[in-house]
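Report on the structure given below.
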Amino acid sequence: MSSFSLRFLALVAGLCFSLSVSLQAQSGKALKIADLEVQVAGTKQPATQLQYAFQAGDVLVLDLDNKAKVNYKVTVQEFYSSSPLYSVEETKKLSKLRLTVPQKSVYTITLQSLSPTSTKSHFTLTRIPASASSQNFNTHVAWRTVQDTTWTTATEKVLVKNELQPETILDKTFRLASVTNITSNNRTTERFKLPANTKHWVYWVGVGQESVQALQESGKLLAKGATALLTGSNPLVAFGLGLLPQLPQVKSSGYISYYLLNKTNANLFREDEDGWKPYGVAKGQDVLSDYGKIMANQTPKTDDGYLHLGFLNPSTITGLDLTLKVVAFVDNPVYQTRTVRKPSKITTRKEPILPAE
C-alpha cells in the first residue's frame, strides 16, 4: 500500500474518532430503564400497557423477545396524542427498534398478543438522552385523579329572605256584664288558633273607649312612608314588628282580669266552677288595658290546636265594654327566580404528572 493511502486512512480514522467524541458530548449515556419478563395479554384480555416519561429528543431502543413465537400488535403513542409514534399490526419480535421522542411527555407502549391467551415475552427498553444535561431525567410516571364537570343552566326559585307577615286573628269589642247582672255573665272566653309557621303573636285588651283612643293615638307616632305601609298604621302590628317599644296603658276605673286557657279550663272558667288553671304566659289581674308578645316556643300546645282568652269583670254593678285584638306574625319565605349553574355530569379520570426538567 502506498504512503498516500496510509495517510488517507489515518485521516479518515481521525475524523471518525472526532465525530464519535462529538456525538457522545452532545448526547447522554445510554440507560436501560426496563428489563422485564412481560405477560402480554391475548385477544380476549385488555392490552398490556407500559408507560414512561421521556424528554424531547430522547432516543428509545426497544427489544421484544417473543418466546411463544406468536404475532404481536405493538403501538408506541404519546399520552395526549391520537396518532401513534410507531405502530405495527403483526410482528413476532422487536430488535433494536429506535424511536426519537418528539416532545417531552408520557408515552404508552401497548402490547397485544394476537393469540386468544396471554404469552410471555422478554422486554427491554433503553433510553439515550438527548443531551448530557437530561441524563438524570426521571422516567417514572406519577398519576393524579382529575374530575371533569359538565355544567348546565336551569331556572329555579331561590330563597332570598324570610319576612314576617302580620295576620289579624281577633279584632272585636264585646260587653262584659257585672256580677249582679242576672241576664248576662260577667265571665266570657274568646277562642283562637294561630296559623302555621307563626314566629310570635301579640295581643292587646282594653276597657272602654278611652283605652281604644289611647291605642289609636299611639299609631300617630309611626313615621310616614315605608313604616306606615309596612304596619298599615296599626300600632299593635308596629309593636309586634319591634317598631314601637311599648303601647299605652290607661289608668281609670273599671278593671278586668284575663287568663290564657285551654278548652277544658275555659269551660270551667266560664261556668265559674272550681279547678280551672290558666297558663302563665299571658294573664292580667285588675287591668284597664294590657298587652303582650308571646314567642311560638313559649306558646302552650293544646289537643285541638285552639287557645282561649278568658275575661272576668269583678264589678258588682258596672258592665264594661271590652276590646280584644290578637295579631300573629307568620314566617313568610320570599323567593326569587334565578338562572343557576349546576353540574350535570362529573367524570373521574387519571392523568400523568410530568417530572421536572
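The values are calculated or read from the model by the stated rules, or taken from the named source; none is laboratory data. Being a predicted model, the structure only gives us computed values, none of them experimental. Please note: Cβ atoms are built from the backbone with ideal geometry, for glycine as well, and neighbour counts cover all protein chains shown. Just the protein is used for accessible areas: all its heavy atoms, side chains included, with ligands, DNA and RNA removed. Shrake-Rupley method; radii C 1.70, N 1.55, O 1.52, S 1.80 Å.
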Problem - Helix runs (DSSP H) in the chain reaching 30 Å along axis by Cα, Kyte-Doolittle at least 0.5 - result: 3-26
Handout entry: the chain - Rg and Dmax from Cα coordinates, angstrom
Key = 47.8, 160
Handout entry: Estimated vicinal HN-Hα couplings, Hz - the stretch 166-175 in sequence order (Karplus 6.51, -1.76, 1.60; Gly, Pro = x)
Key = x, 9, 6, 9, 9, 7, 8, 10, 8, 9
Completion exercise
The aspartates and glutamates whose Cα lies under 18 Å from the Cα of K104, excluding any fewer than 8 residues away in the same chain, are D58, E78, E351, E357
Exercise for the section: Give me Rg over Rh for the stretch 78-201, both radii from the alpha carbons and Rh done the Kirkwood way, two decimal places. Expected result: 1.68
Exercise for the section: Enumerate lysine pairs in the stretch 220-357 that are 8 or more residues apart or on different chains, then count those whose Cα atoms are under 13 Å apart. Expected result: 4
Handout entry: Check: the chain dipole with +1 on Lys, Arg Cβ and -1 on Asp, Glu Cβ, in debye
Key = 1740
Handout entry: Rg(Cα) / (2.2 N^0.38 Å) computed for the stretch 85-133, rounded to two decimals
Key = 1.42
Problem - Candidate lysines - alpha carbon under 26 Å from K67, same-chain residues fewer than 8 apart omitted - result: K32, K44, K92, K93, K96, K120
Handout entry: Of all accessible heavy-atom area on the chain, the percent that carbon and sulfur account for (1.4 Å)
Key = 51
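Which semi-axis lengths, in whole Å and largest first, follow from the square roots of five times the eigenvalues of the Cα gyration tensor of the stretch 154-291?
They are 33, 22, 11 Å, listed largest first.
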Fill in the blank from the handout: For the chain, whose charge dipole is built from +1 on Lys and Arg Cβ atoms and -1 on Asp and Glu Cβ atoms, the candidate among V281, L114, L94 with its Cα farthest towards the positive end is L94
Completion exercise
DSSP beta bridges in the stretch 226-350: the antiparallel percent, rounded to 5, is 100
Exercise for the section: Starting from the Cα of K172, draw a straight line to each of the aspartates and glutamates and keep only those under 13 Å, dropping any in the same chain fewer than 8 residues away. Expected result: E190, D321
Practice task
Please work out the average accessible area per residue across the stretch 258-357, using the 1.4 Å probe convention, and give it in Å².
Solution key: 57
Handout entry: Positive-end extreme of charge dipole, the stretch 245-357 - chosen from Y291, T323, Y335 (charges on Cβ)
Key = Y335
Fill in the blank from the handout: With Rg from the Cα atoms and Rh as the Kirkwood inverse mean 1/r over Cα pairs, the stretch 19-162 has an Rg/Rh of 1.21
Handout entry: Heavy-atom surface of the stretch 136-181, accessible at 1.4 Å and reported per residue (Å²)
Key = 72
Practice task
Keeping all protein chains in position, work out how much accessible area H308 exposes to a 1.4 Å probe, and write it in Å² to the nearest 10.
Solution key: 20
